[in-house]
Amino acid sequence: MPKKGLTMRQIRELLRLKTCEPQLGTRIVAQRLGVANSTVHDTLSRLKAAGTLGRNAAMAHWLSSQCGII
């Protein structure tokens with residue numbers, strides 16, 4: 001049986017947590033999202049490979065607004 005992925009809401013929350021609170025470990029993020037540690041790790045790996053983390057200006061703007069920076 002295939003693994004269930006994260007919902008879009010969970011992915012946005014994952015991105016927010018890893019951007020606004022970078023000191024949080026994968027285990028704590030997984031607990032907050034209610035998913036397995038490996039799911040968070042796999043999703044972060046896919047996001048990094050896709051270039052979503054750090055290089056996308058629109059994503060960076062959205063994340064900074066979620067962190068209260070803007």
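The values are calculated or read from the model by the stated rules, or taken from the named source; none is laboratory data. Treat the numbers as computed from the prediction; the structure is a model and nothing was measured. Here the Cβ is made from the backbone with ideal geometry for all residues, glycine too, and neighbour counts use every protein chain on show.
Of all the residues that make up segment 16-42, how many are hydroxyl-bearing (Ser, Thr, Tyr) and closer than 21 Å to His61 by Cα?
Number satisfying all stated conditions: 1.
Number of residues in segment 49-70 that are closer than 11 Å to Leu15 by Cα and either modelled with pLDDT of 95 or more or in a helix (DSSP H, G or I) (or both) equals 6. A search for C-beta distances below 7 Å between a residue of segment 31-43 that is within 17 Å of Arg12 (Cβ to Cβ) and free of Cβ contacts under 8 Å to residues at least 24 places away in the same chain and any residue that is in a helix (DSSP H, G or I) and among the aliphatic types (A, V, I, L, M), counting only pairs 6+ apart in sequence or on different chains, returns Arg32/Leu17.
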